[in-house]
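Peer 1: If you scroll down you'll find the structure; I have some questions about it.
The values are calculated or read from the model by the stated rules, or taken from the named source; none is laboratory data. Here the structure is a predicted model, which means the values were calculated and not measured. Using ideal geometry, Cβ is built from the backbone for each residue, glycine included, and neighbour counts are taken over all protein chains shown. These area figures cover heavy atoms from the full protein model, side chains too; ligands, DNA and RNA do not enter into them. Shrake-Rupley method; radii C 1.70, N 1.55, O 1.52, S 1.80 Å.
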Amino acid sequence: GTGLVIHRNEAGKSQLSQLRAEAKAAYHLTGNQKNIWSTGLSLAFVQRSINFDGLLWDSQYNGVGVDPNLASGEQFFNDSRSTVDAGLGFLWRHRGRQSYNIGYSWRHFLQDQGFLENTADPLLPTQSVYVKWLDKMNFVDVNYDVLLIRQAGAMQILAGALLKYRFGLDSRYTTSKTSSMLLIGCHLRYGDALIPSVGYEFQRSFQLMMSYDINVSGLNEVSQRRGGLEFCLIYTGTTTPSRRKLR
């Protein structure tokens, strides 16, 4: 399996931004029809930048208001730096009426710099544990999952469920699979946010998901429950379609 993830994040008037382009590759070993072991490797190019042109300073106050045309007197310069990063992961999958996934990953092997420069305090390695349990019912499949991420003394716990309703036709004996799927779910990021989500998958290929973070932490007095709206577009395909034998 292969994958490519491109993520760009920008915040504030300083245009503090990060661009991350990450290539992924995985190898899957099937022990029998019900168990699959996988290992994966990721390699990322990371570019970070900051722009001070849009910021205002105390020294630009002219007695009445802030004049951006006045010299700031600050010795900051617009900057951009690039680095590489890498990660390694393992996954065990059991398939059946009730399917289980258990995965572990270790990321930031090669992250040897801070946000914009080399430092003795680089981004620390991150360990993740992922558990997923899929329960197949009459009309819907329910996907329960838990994600634990630990980096030094910090930990994040995300848990929830996603309901999947599939409709349309799939062939049992050929590669013709044209069914689509509706998805709806909700997750909780412990101590931070409640995350409802909804999505649609078109004929087992394109999947569009939308979610919104509803802040439930102590910061909600300021945030007023507002959070972040996220969209995710996924394409799933295969380069070697196979045909099942008739029995």
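Peer 1: In region 209-232, how many are over 13 Å from Leu194 (Cα atoms), of a type outside the set (A, V, I, L, M, F, W, C) and touching an Asp or Glu at 6+ places or on another chain (Cβ under 8 Å)?
Peer 2: Number of matching residues: 1.
Peer 1: Same structure, new question: Just for region 174-213: of the residues that are surrounded by fewer than 17 Cβ atoms within 10 Å (Cβ to Cβ) and of a type in the set (Val, Ile, Thr), which one is farthest from Arg150 (Cα to Cα)?
Peer 2: Ranking the candidates gives Thr174 first.
Peer 1: Right, next: Regarding region 28-51, can at least one residue be identified that is without any contact (Cβ under 8 Å) to a residue 24 or more places away in the chain, touching a strand residue (DSSP E or B) at 6+ places or on another chain (Cβ under 6 Å), assigned to a strand (DSSP E or B) and within 28 Å of Arg97 (Cα to Cα)? Spell out how you get there, then give the answer.
Peer 2: Taking region 28-51 first, the residues without any contact (Cβ under 8 Å) to a residue 24 or more places away in the chain are 29-32.
If we keep only those that are touching a strand residue (DSSP E or B) at 6+ places or on another chain (Cβ under 6 Å) too, we end up with 29-30.
So of that shortlist, the ones also assigned to a strand (DSSP E or B) come out as 29-30.
Still in the running and within 28 Å of Arg97 (Cα to Cα): 29-30.
Taking every residue of region 28-51 in turn, at least one turns out to be without any contact (Cβ under 8 Å) to a residue 24 or more places away in the chain, touching a strand residue (DSSP E or B) at 6+ places or on another chain (Cβ under 6 Å), assigned to a strand (DSSP E or B) and within 28 Å of Arg97 (Cα to Cα).
Peer 1: Restricted to region 94-111, and to residues that are within 22 Å of the chain's Cα centre (by Cα) and modelled with pLDDT under 75, which residue is least open to solvent (accessible area, probe 1.4 Å)?
Peer 2: If we take residues in region 94-111 being within 22 Å of the chain's Cα centre (by Cα) and modelled with pLDDT under 75, then Gln111 is least open to solvent (accessible area, probe 1.4 Å).
Peer 1: Is it true that Gly160 is of a type outside the set (A, V, I, L, M), at pLDDT 85 or above, closer than 22 Å to Ser105 by Cβ and surrounded by 15 or more Cβ atoms within 10 Å (Cβ to Cβ)?
Peer 2: The answer is yes for Gly160.
Peer 1: Farther than 30 Å from Asp141 by Cβ and surrounded by 14 or more Cβ atoms within 10 Å (Cβ to Cβ): does that describe Val46? Even if it seems obvious, please write down each step before you answer.
Peer 2: Details: farther than 30 Å from Asp141 by Cβ: yes; surrounded by 14 or more Cβ atoms within 10 Å (Cβ to Cβ): yes.
Judged against the criteria, Val46 is a match.
Peer 1: If I filter region 196-207 for residues that are at positive phi and in a loop (DSSP other than H, G, I, E, B), do I get at least one hit? Working first, answer last.
Peer 2: First, pick out the residues of region 196-207 that are at positive phi: 203-204.
When the remaining residues are screened for being in a loop (DSSP other than H, G, I, E, B), the result is 203-204.
Yes: region 196-207 contains one or more residues that are at positive phi and in a loop (DSSP other than H, G, I, E, B).
Peer 1: State the number of residues belonging to region 163-196 that are among the β-branched types (Val, Ile, Thr), without any contact (Cβ under 8 Å) to a residue 40 or more places away in the chain and over 23 Å from Arg107 (Cβ atoms).
Peer 2: At the first step, the residues of region 163-196 found to be among the β-branched types (Val, Ile, Thr) are 174-175, 178, 184, 195.
Filter again for without any contact (Cβ under 8 Å) to a residue 40 or more places away in the chain, leaving 178, 184, 195.
Now restrict to residues that are over 23 Å from Arg107 (Cβ atoms): 178, 184.
So the answer is 2.
Peer 1: Could you say which residue among Gly73, Gly54 is small (Gly, Ala, Ser), assigned to a loop (DSSP other than H, G, I, E, B) and more than 29 Å from Gly228 (Cβ to Cβ)? First the steps, then the outcome.
Peer 2: Working: Gly54 fails: more than 29 Å from Gly228 (Cβ to Cβ).
Result of the check over Gly73, Gly54: Gly73.
Peer 1: Ser59: assigned to a helix (DSSP H, G or I) and either over 22 Å from Asp85 (Cα atoms) or open to solvent by less than 40 Å² (accessible area, probe 1.4 Å) (or both), yes or no?
Peer 2: yes
Peer 1: Based on this model, can you work out whether Val64 counts as modelled with pLDDT of 80 or more and open to solvent by 90 Å² or more (accessible area, probe 1.4 Å)? Break it down into steps so the answer makes sense when it comes.
Peer 2: On the way: modelled with pLDDT of 80 or more: yes; open to solvent by 90 Å² or more (accessible area, probe 1.4 Å): yes.
So Val64 fits the description; yes.
Peer 1: When region 13-29 is examined, which residues are found to be at pLDDT 85 or above and open to solvent by less than 80 Å² (accessible area, probe 1.4 Å)? Lay out the reasoning, then the answer.
Peer 2: As a first pass, look at region 13-29 and keep what is at pLDDT 85 or above: 17-29.
The answer is Ser17, Gln18, Leu19, Arg20, Ala21, Glu22, Ala23, Ala25, Ala26.
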